[in-house]
Structure formats: structure tokens, C-alpha cells
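The values are calculated or read from the model by the stated rules, or taken from the named source; none is laboratory data. This structure is a prediction, so every number in the text was calculated from the model and none was measured. All Cβ positions, glycine included, derive from the backbone under ideal geometry; neighbour counts span all protein chains shown.
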Amino acid sequence: MTAVHPNLWAFAAITVPFVMSPGASTALVLRNSVAGGVRAGVETAIGVNAGSFCYGLLTAFGVAVLLHRFPAAWTTLRIAGVAYLSWLGVTSLNRALTGRSGTNADSRDAGRRPLATNMVEGFLTNMLNPSIAAFYLLIVPQFVPRAARVPQSVLLLTAVHVGLALTWHLVWATAGGTLATTFSRSGPRRAMEAVVGTALLAIAAKIALTA
């Protein structure tokens, strides 16, 4: 395990800006925390980072090599990711247009949205995100020294990424939760849904247009 230590700072240096870059997972955490309070944002953040952890496991135990050898797998992932993010974006825009949030306006009721719903949304958002897949399947292995044991080294790097990402997402969950009362009114909530929906569709379009 000590063999991987020299690469930790270099890995953290590229991971911090990657984590802090605006993306689908951050937008989803913010949307759900505004709609359902801090708890909903935390649940979404847990789901998002569970998706990252799954990619860490795949990379640690060699599945990354198999996926890299089959380009069709990447195409399928990209199509699924674009479809899912587009669905989330259209759902948000529909809420903005109709004024229906999918939950009661009262944040206390919105906070009672089933835990599994928020976690599954977060999990699928990361599992179907080609950027996360590329990060784990292509970039993470580059930071594993030749002399190191691959599973242990990859899992350590995964812990670094998940720790940083979860912290960042919890900040957004808290921020969104504090705005829940403000956005409980129809006007601000619909504006927020419009912004998030547009952002998700833009991310989906960017993925679709990336070769």
C-alpha cells in the first residue's frame, strides 16, 4: 500500500478540479436538496458516490480492461447516459412550466420522499455518466505504480475521490437545504427547475456530441 503513496498528491491535484467542475451530479444534489431539504440532498449525494465506488470496484478487479477492449460498451454507456440525463432535464423543465414539483410544496412533505428514490437517482446519474466512467476506467489506473497491488491501490484512490466528492456534494446539499424555504414558493422553484433542467440537457448534449 505504501507504494501508492507518492502518487496520492498528484491524484488529489487532478481530482479536486474534477470534483468541483459543474456537472450532472452536483445539479441533481442541488435540485433534490432544494425540493426536499438537506436530508434529500444527503441521500442523493450518497447515491451519487455509491456509483463512483462501484466504478472503483470495477477498476480494482480488472473489469476496466475488458470494457476498454470493447468500444461498443462505451457507446452503449454514452447513449444510456444521454437518455437518462435528458429525461431528468425534461422532467425539470416540465416542472418549471407546469409548476408541479412532483412533491408537496411544503418542504417537510417533500423531505419525506422515499430515501431509495433520491439514492437511486444519484446512483444512476453517476453510473450512466461517461465522464465518471472515463475517470475511473482510464485515468485512475495511470496513478497505480507498477510495483503496487492493483486492487488495494485503486481502492485507496477511490477513497480519495469519493471522500472529496462526498464533501463537495454535502456542501451543496446544505446550501440547497437552506434555500428550501425560499424555493417553496412557486416562482423561485419554477425558476430553479428551469435552470437545472437546462443545465442537465446541456450536459447531455455535450456528452452526445463528444466522440
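Structure data summary
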{"read-out": "Conditions (1) of a type outside the set (D, E); (2) modelled with pLDDT of 95 or more; (3) within 18 Å of Y136 (Cβ to Cβ): number failed by T44", "value": "(3)"}
{"read-out": "Only listed residue being surrounded by 15 or more Cβ atoms within 10 Å (Cβ to Cβ) and more than 26 Å from S86 (Cα to Cα), chosen from P141, P145, P130", "value": "P141"}
{"read-out": "Helices (runs of 4 or more DSSP H) wholly inside segment 70-189 that include at least 2 residues being modelled with pLDDT of 75 or more", "value": "71-98, 115-127, 130-134, 150-178"}
{"read-out": "Any pair with Cβ under 7 angstrom, 6 or more apart, that starts in segment 191-211 at a residue that is on the phi > 0 side of the Ramachandran plot and without any contact (Cβ under 8 Å) to a residue 40 or more places away in the chain and ends at one that is polar (S, T, N, Q) and surrounded by fewer than 14 Cβ atoms within 10 Å (Cβ to Cβ)", "value": "none"}
{"read-out": "Number of the exception - T182 against (1) over 21 Å from R95 (Cα atoms); (2) in contact with a Pro (Cβ under 7 Å, 6 or more places away or on another chain)", "value": "(1)"}
{"read-out": "Extreme residue, nearest to A208 (Cα to Cα), among residues of segment 55-69 that are under 21 Å from the mean Cα position of the chain (by Cα) and modelled with pLDDT of 80 or more", "value": "Y55"}
{"read-out": "Residue match in segment 176-188 (condition: surrounded by 20 or more Cβ atoms within 10 Å (Cβ to Cβ) and within 27 Å of A12 (Cα to Cα))", "value": "yes"}
